[in-house]
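Visitor: Here it is: the structure, laid out below.
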There are 2 protein chains.
Amino acid sequence: MKAEIISIGTELLLGEIVDTNTSFLASQLSVLGIDLYFTSAVGDNPARLQGVLKQAWDRSDIIFTTGGLGPTQDDLTRDAIAALLGEELKVAPQLKQELINFFARRGLEMPASNVRQATLIPSSTALVNPQGTAPGWWVEKEGKIIVSMPGPPGEMQYMWENQVLPRLQKRAGAAILTRMIKTFGTSEAKVDEMLADLTPSPNPTLATYAKLDGIYIRIAAKAETEEEAREMIARREADVRAILGDIIWGVDDDSQEGVAGRMLLEEGLSLAVAESFTGGFLTHMLGTAADSERYFKGGLVAATSEVKIALGLDPNLANSEDKAEVARAMAVLARQKMGATVGIGIEGESGVEPESGMVPGTVFIAIDSEKADLHTVRSYSGRLYQMKRRAAYYALFDLVKLLKE
Amino acid sequence: MKAEIISIGTELLLGEIVDTNTSFLASQLSVLGIDLYFTSAVGDNPARLQGVLKQAWDRSDIIFTTGGLGPTQDDLTRDAIAALLGEELKVAPQLKQELINFFARRGLEMPASNVRQATLIPSSTALVNPQGTAPGWWVEKEGKIIVSMPGPPGEMQYMWENQVLPRLQKRAGAAILTRMIKTFGTSEAKVDEMLADLTPSPNPTLATYAKLDGIYIRIAAKAETEEEAREMIARREADVRAILGDIIWGVDDDSQEGVAGRMLLEEGLSLAVAESFTGGFLTHMLGTAADSERYFKGGLVAATSEVKIALGLDPNLANSEDKAEVARAMAVLARQKMGATVGIGIEGESGVEPESGMVPGTVFIAIDSEKADLHTVRSYSGRLYQMKRRAAYYALFDLVKLLKE
């Protein structure tokens, strides 16, 4: 099935917003095994919109549009599809009533112009939109499909997941499930190499993605029933886990700080941080994580040795050339000062030509706790500007690994 | 002049990356007064790429492409343009030498496949790319133009600013300059209303953009000479400043933390922070800002009253119901503890139904310094999840305002 995505709205052509809908839909279509050959954006101009739609209708089997479903004269998607198919727009009484109810729930009267959003053509059915006023359209004619969704990403994604995806899966007569496995500390090339025996499989498929917090591996399985697809995923996940082992830190919607927090809570532990090299990146990740008030005590961020000493670090240690020792002392300080059961200290070498002879971008991560087996210092190196952000991820990854042991 | 943008690369159609190049180019073209009618993305497939190029050639005056200029067999932009224009690709000796030099500077031999990047057709000239190995192409034929740039956003933007934009301006026989004025603490609707008398002007034009760190106003002026355009901008900027006054905190590439840091350095001041509500957001912004080690001492991030007390806050103040007083005490603590001349304290009400009767999302910002006139506490309110990030911007905005006084 050849697919095409059309984003509609003059704001896209003025560069006022970045079109994230297209990449969202593209990644979903690739999971569904639907081939996406073209994407395009077009402004709120009747002739050009109709031109783009006509071309897509001629060369593709299924067309996804986003945007242009609002209540104003500039919202032309419905009119353009009606013109393309030579059909007439009519107000659907039920849709109109739903819109009136939507406004009534907010204590408002429906503006007259919104009735445009309650129109259909004979070939279209409405896709409900509980997130906004614009219903979507599912159009079928001459063996082709047009799916029109609203432009705001939240509304579009909700409609996709609840209305469009189930219809596509039903049509395909197949259940398609995915699972994202998240790793850290290994390059994409190395992960690809490790999984080389599994990747040629056409079903389930494997694909890797490089993200700031590591390499992700997506498993996608297609089967006749959901149960069967779930079993295929589970078996392939077991294969992947057997190969990748403890570089895996999470799945699907997991974040590193979320996984670390869950494990700390399960063990009844709490966490405090002292950092310098990373300038508050780790403290900020933990301090703004959901529910982190249940395990995160706080963070000390010190730019200089003087500040470290003022915050309680032994002056001999603060000025030590052994940065691993400084990191360890900071972990101990954070834990003791803030009354946490686990402390993390991060130090780093940021000089461009450090006297120490160390590689700039070398980072030292220490984890300290009452349990002796949680006491460890590691060092990593990389390009300076990247390491400052990645060091926080390394620290969380180390913590998760240690908590697992 | 009718323009069109084509993004090239199968990764775009798999949803692996979001195409930010298109929105960058779109916003630049809108400043230049070049009408962008279509944008599209196409994969690394010769027939489909040629089809999209042919269509663009037929309907547009100038085509911008990004991507597909790499050294592999999948990089098809050069071949597709050559085929479109019926011209032959030939290796340009000078480009080849530059590539050899590029690799030599890194102690490497040029891989044989990279010679593809040194090819030209008779209608194309090379756009140098000091950021990477892929030169761009400027193609002129039959009164039409194709500009091909590399896909990595850093390389593309550098080439745009240094090679493409000057050529376009020269062609237009006009100088076009822009200036971004940055404000904070006022809604976009209110800014639009305040500037209503200035916005109908066709030259210079005004446009507003809502960003996380405030509302931006872009002034764009077109004139015969650069000097004239510069004067038009200066006059319009003066008008805007007269109307908006002290809600303006910066221009062009300024960041709030950068502006605050510059002012602190000029006054010979240093800064320390203590925060709870904002979970480290302000500390992280300052701690990771360029050159911040010259004025930023560090931050204390405390999740609970107990931690505040452990870090040195008076127990009576830490538990006070008067959060403005707590914020003030935290500002004093940060300043004194870390030996800074200015301290910022941030407290907030994050309870969903706070006993205090305050609106959730109310934030208290205190700034303390040796100069009595820098001692102030303000409070703001807003939706909780937004306020946690905006509170850090409010604090910096307050700091900048106070330093100006």
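The values are calculated or read from the model by the stated rules, or taken from the named source; none is laboratory data. Worth saying up front: this structure is predicted, and the values here are computed from it rather than measured. Cβ sites come from the backbone with ideal geometry, for glycine too, and all protein chains shown count toward neighbours.
Visitor: Scanning the range A:168-182 for residues that are under 24 Å from the mean Cα position of the chain (by Cα) and either at pLDDT 90 or above or among the charged types (D, E, K, R) (or both), which turns out surrounded by the fewest Cβ atoms within 10 Å (Cβ to Cβ)?
Guide: A:MET180
Visitor: So, in the range B:97-117, how many residues would count as being in a loop (DSSP other than H, G, I, E, B), of a type in the set (Lys, Arg) and within 23 Å of B:ASP79 (Cβ to Cβ)?
Guide: 0
Visitor: Select from the range A:26-69 the residues that are facing chain B (nearest Cβ under 7 Å), under 15 Å from B:LEU14 (Cα atoms) and either part of a strand (DSSP E or B) or aliphatic (A, V, I, L, M) (or both) and list them in ascending order.
Guide: Within the range A:26-69, A:ALA26, A:LEU36, A:TYR37, A:PHE38, A:THR39, A:SER40 qualify.
Visitor: Follow-up. Of all the residues that make up the range B:82-96, how many are part of a helix (DSSP H, G or I) and either hydroxyl-bearing (Ser, Thr, Tyr) or in contact with a Ser or Thr (Cβ under 7 Å, 6 or more places away or on another chain) (or both)?
Guide: The qualifying residues number 1.
Visitor: Considering the range A:247-288 alone, what residues qualify as being more than 14 Å from chain B (Cβ to nearest Cβ), of a type in the set (D, E, K, R) and touching a strand residue (DSSP E or B) at 6+ places or on another chain (Cβ under 8 Å)?
Guide: A:ASP252, A:ASP254
Visitor: How many residues does the range B:7-29 contain that are in contact with a helix residue (DSSP H, G or I) (Cβ under 9 Å, 6 or more places away or on another chain) and without any contact (Cβ under 8 Å) to a residue 60 or more places away in the chain?
Guide: Number satisfying all stated conditions: 12.
Visitor: Spot the failing condition for B:SER201; the list is (1) outside any loop (DSSP other than H, G, I, E, B); (2) small (Gly, Ala, Ser); (3) under 27 Å from B:GLU4 (Cα atoms), and only one is missed.
Guide: All conditions are met except number (1).
Visitor: Go through the range B:20-51 and give me each residue that's surrounded by fewer than 23 Cβ atoms within 10 Å (Cβ to Cβ), in contact with a Ser or Thr (Cβ under 6 Å, 6 or more places away or on another chain) and aliphatic (A, V, I, L, M).
Guide: B:VAL31
Visitor: Now for a separate question. Would you please name the residue that is nearest to the other protein chains (Cβ to nearest Cβ), looking only at residues in the range A:309-351 that are basic (Lys, Arg) and closer than 30 Å to A:GLU266 by Cα?
Guide: Here the residue is A:LYS337.
Visitor: Then there is this: Checking A:ILE17 against (1) crowded, with 21+ Cβ neighbours inside 10 Å; (2) within 21 Å of the chain's Cα centre (by Cα), which single condition isn't satisfied?
Guide: Only one criterion is unmet by A:ILE17, namely (1).
Visitor: Identify the single condition in (1) in a strand (DSSP E or B); (2) at the interface with another protein chain (Cβ under 9 Å from one of its Cβ atoms) that A:ALA3 does not satisfy, given that it satisfies every other one.
Guide: (2)
Visitor: In the list B:ILE219, B:ILE215, which residue meets the criterion of being modelled with pLDDT under 95, touching a Lys or Arg at 6+ places or on another chain (Cβ under 9 Å), closer than 30 Å to A:LEU14 by Cα and within 14 Å of another protein chain (Cβ to nearest Cβ)?
Guide: Only one candidate qualifies: B:ILE215.
Visitor: Also, quick follow-up: Looking at the range B:267-278, is at least one residue surrounded by 21 or more Cβ atoms within 10 Å (Cβ to Cβ), assigned by TED's automatic domain parsing to the domain that holds B:ALA327 and among the acidic types (Asp, Glu)?
Guide: yes
Visitor: Right, another one. Going through the range B:206-256 one residue at a time, which ones are under 14 Å from the mean Cα position of the chain (by Cα) and surrounded by 21 or more Cβ atoms within 10 Å (Cβ to Cβ)?
Guide: B:ASP213, B:GLY214, B:ILE215, B:ILE217, B:GLY250, B:GLN256
Visitor: Of the residues that make up the range A:368-385, is at least one at pLDDT 80 or above, part of a strand (DSSP E or B), out of contact with any Cys (no Cβ under 8 Å at 6 or more places or on another chain) and over 21 Å from A:THR183 (Cα atoms)?
Guide: Within the range A:368-385, one or more residues are at pLDDT 80 or above, part of a strand (DSSP E or B), out of contact with any Cys (no Cβ under 8 Å at 6 or more places or on another chain) and over 21 Å from A:THR183 (Cα atoms).
Visitor: Check off (1) at pLDDT below 95; (2) crowded, with 16+ Cβ neighbours inside 10 Å for A:PRO200 and give me the number that stays unchecked.
Guide: (2)
Visitor: Look at A:VAL301 and say whether it is within 7 Å of another protein chain (Cβ to nearest Cβ) and outside any helix (DSSP H, G or I).
Guide: yes
Visitor: A further question on this structure: Among the residues of the range B:145-167, count how many are surrounded by fewer than 17 Cβ atoms within 10 Å (Cβ to Cβ) and more than 20 Å from the chain's Cα centre (by Cα).
Guide: 2
Visitor: Out of the residues in the range B:113-148 meeting the condition of being touching a strand residue (DSSP E or B) at 6+ places or on another chain (Cβ under 8 Å) and of a type in the set (S, T, N, Q), tell me which one is farthest from B:LYS54 (Cα to Cα).
Guide: Checking each candidate, the answer is B:ASN129.
Visitor: Being touching a Gly at 6+ places or on another chain (Cβ under 9 Å), in a loop (DSSP other than H, G, I, E, B) and crowded, with 18+ Cβ neighbours inside 10 Å: is that true of B:ALA289 here?
Guide: Against the criterion (touching a Gly at 6+ places or on another chain (Cβ under 9 Å), in a loop (DSSP other than H, G, I, E, B) and crowded, with 18+ Cβ neighbours inside 10 Å), B:ALA289 qualifies.
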